[in-house]
Every structure is written in structure tokens, then in C-alpha cells.
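Structure record follows, encoded as C-alpha cells.
Every number in this text was worked out from the coordinates using simple rules, so none of it is lab data. Here the structure is a predicted model, which is why all the values come from computation and not from measurement. Here Cβ is always computed from backbone atoms with ideal geometry, including for glycine, and neighbour counts include all displayed protein chains.
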Amino acid sequence: MSLCVQFRYTVRSAQDIIILKRLMCIHFERIKPELQCELRRIAEDIVAPGKGILAADESVSTMGSRLKNIGVENNDNNRRKYRQLLFTTDKEITNYISGCILFDETVCQKADDGTRFIELLRQRNIIPGIKVDTGVVNLMSSLKEGTTQGLDGMDKRCANYKKEGCHFAKWRCVLKITQYTPSYQAILENANVLARYASICQSNGLVPIVEPEILPDGEHDIEKCMKVTERVLAFVYKALSDHHIYLEGTLLKPNMVTSGMQNKNRACTEEIAERTVTALQRAVPPAVPGVTFLSGGQSEEEATVNLNSINAYCAKKPWALTFSYGRALQATVLKTWGGKDENVEAAQCMLLKRAKANSDASLGKYDGFMGKEGSGGASLFIADHKY
Ligand code: 13P
């Protein structure tokens, strides 16, 4: 404001106008120090050593496919009962899980005894988070690429989620690797929409988890995935900078750098670690407190082992590197439960074990104790995965 006013009286030449425009580029108000402090604390608590996120934000239709796989009807009560199983797991879970991403319908749901789910999470020191995007839509004239929608009315929704006790949010964008994609159009658009989402979250006191997921579908090799990951992340951080996002109050949720699922000569875990860390070093500012990987169709055990290799890999790593897994934390849990009350305890036991394995992996200390227990070795890949 003051700069503009000063220059209104001093601009004399075209050169002055150029200087004025340049100055305006850096003339912006930072968010208030108290809000910075709050966002930073939330983000740092989520990525505290040995902790990660349980992504339980499956939409109604995605939850429907998960329930169908175990022969359970997709209705409100079955979805509620399954989430109740997750959120009433023994308080030992506090040691491994710091945050849980919810889906809208879950925010106000209650356990059988009337306790709100959000309260059950709080009792376990787990910070509630919320998925705020409303899904992927096609980008016109692209090669079946998409962008993510949900910005309309999001400000109000975020204010309400904060009131209900959520402190972070998730928005998933999807990019596809094929011969000609991701396109410039898709990379630019998805980076920008992630930045707009992040700014709405931060102004409402929610830490935005920025998720530009590069799908694992395809025959591409790991080098291609690495190049695309670097480029996509570079665009994302440029957009976040353009929107004056307070990076210390954000988290990144990327894919690991891997070969495509249909590649016949897939890279080993050590190469995944080296390339993932290198891609992050090239594109993610050290101001970002943490990187919380998605599991992206890896088996439960692969996702744990790869996270462990990433943390065991010796390199400059200025961020916490941990998990925000959906399928890779829940596959065995769902199967063990099978919709039956008598299996709840056994399913919760599997959740605790897999959460501990991932906690160990986030410290680079996983000794393989879980192995392929349950469905640990089964691929969880779903083509063109929706959430
Ligand atoms: P997966 O771990 O199942 O890939 O999902 C995590 C997630 O939140 C995707 O948005």
C-alpha cells in the first residue's frame, strides 16, 4: 500500500513504471505472526519423529469399492462402524500416528457410545484433518488429463471444519505419465489450484497438505518418473510462492519415485530411495517441515520397506520423511475385519502392527518384523485410482 502511494507521486518515466511493477511483485502482506506460529506448530506436530498420518478419507464411492471387496454393503452405518474400528484402536497408536485425514461425513459421526470420532482421535493425541477437494474433472483438449475441483465455497467449509476440530486439510491432484503427458497445461493448472487451496486453508488455520500425485500407471522407467516428479514439484513450489504460502505451515504429500507399475524391470528399493530423495532435494524448499508420502498402490510391505530405505539413505534431508498411507495401512485391517464385530480386535491389532512398522520405517529402523503378514505382500494397485 505504502509503496504504491509513494510511487504515485514519483513515477516520471517508463523506466519508473518498470521499477514500480517489479517492486509490486514483492509487495504483499505476510499472514499474521500468530497464525504462522499456529500453522507451523500443527505441521511440526504431524511430522514429529516416528509419527505419520492415517489417510481414512475415502469418499463414499471409494469406500464402497473397499467394502465390496470384503463382501460388506456400502451404507452409512457400515462405513461408520469401520471408521469406529479405526478410531477406537488401543491408545498405543498414539506412538505411531499423529494425524488422521477424514472424509466430510465422518467429521460429525459418533461411536456407538455417543463419543464423537473427533473426540476419539483427540483422546489418542491424533490431529484430525479433512479432505476438502471434491474430485478430479477432465481438462478440455488434454489427453485424458484432469484438474481437481472444490474451491467454490471452500472458505466457508474450512472455517466450519476448523470449528469442528480439524487442523489440517488434504487436496489431491493427479498427473499421468504417458508418452505425451503430463502436459504443460496439466502441470501448470494443478500447481495453481493446489496453491489456491493452500491459501484458503492457511487463512482458516488449517495446514494444507499439498498432494500432486503422479500416478504409477504405465510402463515407464524410474528415470521418467524422476524427471516428471522434479518438474511437477518445481511448478508446485513456484505457484505456492506466487500465492505467498507460508511454507513452514504446509506439508507435501508426493508419490515416491518408482518405475511404472507395468514396467518389466522395476527399480529396487535402494534406487527408489536415492531417486526420491534426489528429486525432493532439487525441488522442495527446506522451509517445508515434512514430506508425508502416499502409498500409491504399493503393497503394505513395499510401502514400509521403501519408506525405510528413504530414511536409511544417507543424504541431505532437511525435512521429516514419513507416511500418509491409505491403502498401505488399511488393506489387512479391512480384510481381517470382514464386517464382523467379533473380528474388530484382531483388525485393530493389525492396524497397530502396520502403524508401528511404518513408524520404525520413518526413522529408518524397520527390521522387517511385519513381513507379508496379513495381505502385506499383495499389490494394492488400482488403475487410474480415484480417492
Ligand atoms: P494411498 O496411500 O492409498 O495411495 O492414498 C493416500 C491418499 O490419501 C491419496 O490421496
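Using 0.36 nm per residue of separation minus the Cα-Cα distance, give me the extension gain between ALA287 and ASN77 in nm, one decimal.
Details: separation 210, 0.36 × 210 = 75.60 nm, distance 4.22 nm.
Value of the extension gain: 71.4 nm.
Within the P(r) computed for the stretch 112-195, what percentage of the Cα pairs occupies the region above 18 Å?
Tail of P(r) above 18 Å: 55 percent of Cα pairs.
For LEU175, what residues show an amide H to amide H distance below 5 Å, using hydrogens built from the backbone and excluding near sequence neighbours?
Long-range HN contacts for LEU175: GLU213, ILE214, LEU215.
What Rg and what Dmax come out for the chain when only alpha-carbon atoms are used, in angstroms?
Cα radius of gyration and Dmax of the chain are 21.4, 81 Å respectively.
If you keep only loop residues by DSSP, which trypsin sites (Lys or Arg not before Pro) in the stretch 17-56 have at most 12 other Cβ atoms within 10 Å of their Cβ?
Those that pass, being in a loop and sparsely packed, are ARG30.
Distance in nm between label sites at ARG30 and GLU119, each 7 Å beyond Cα in the beta-carbon direction?
So the label points at ARG30 and GLU119 sit 4.0 nm apart.
Using 0.36 nm per residue of separation minus the Cα-Cα distance, give me the extension gain between GLU270 and SER59 in nm, one decimal.
That pair, GLU270 and SER59, stretches by 72.6 nm at full extension.
Radius of gyration and Dmax for the stretch 51-169's Cα atoms, expressed in Å?
Cα-based Rg and Dmax for the stretch 51-169 come out at 15.7, 52 Å.
Between GLU164, GLU300, GLU29, where does the largest GNM mean-square fluctuation fall for the chain, given springs only between Cα atoms within less than 10 Å?
Largest GNM mean-square fluctuation: GLU29.
In what sequence, highest mean first, do 306-318, 133-145 appear when ranked by Cβ atoms within 10 angstrom?
Highest-to-lowest ranking by the protection proxy: 306-318, 133-145.
So, with +1 on the Cβ of K and R and -1 on the Cβ of D and E, and no other charges, what is the size of the charge dipole of the stretch 181-271 about its Cα centre, to the nearest 20 debye?
Taking the Cα centre of the stretch 181-271 as origin, the dipole is about 140 debye.
Once you compute Rg and the Kirkwood Rh from C-alpha atoms, what is the Rg to Rh ratio for the stretch 16-101?
Details: Rg = 22.0 Å, Rh = 17.1 Å.
Dividing the radius of gyration by the Kirkwood radius yields 1.29.
Among all lysine pairs in the stretch 97-192 that are eight or more places apart or on different chains, how many have alpha carbons less than 19 angstrom apart?
Step by step, the pairs that qualify in the stretch 97-192 add up to 10.
State the dimensionless ratio Rg/Rh of the stretch 259-335 (Rg: radius of gyration of Cα atoms; Rh: Kirkwood radius).
Across the stretch 259-335, the Cα-based Rg/Rh ratio is 0.99.
Spin-label point model (7 Å from Cα, Cβ direction): what's the LYS316 to GLU219 distance in nm?
3.8 nm
Quick one: net charge of LYS386's neighbours, Cβ under 14 Å, K/R +1, D/E -1? Could the numbers behind the result be given before it?
Details: positive: ARG66, LYS131, LYS144, ARG172, LYS176, ARG327; negative: ASP57, GLU58, ASP133, GLU211, GLU213, ASP217, ASP384.
Result for the local shell: -1.
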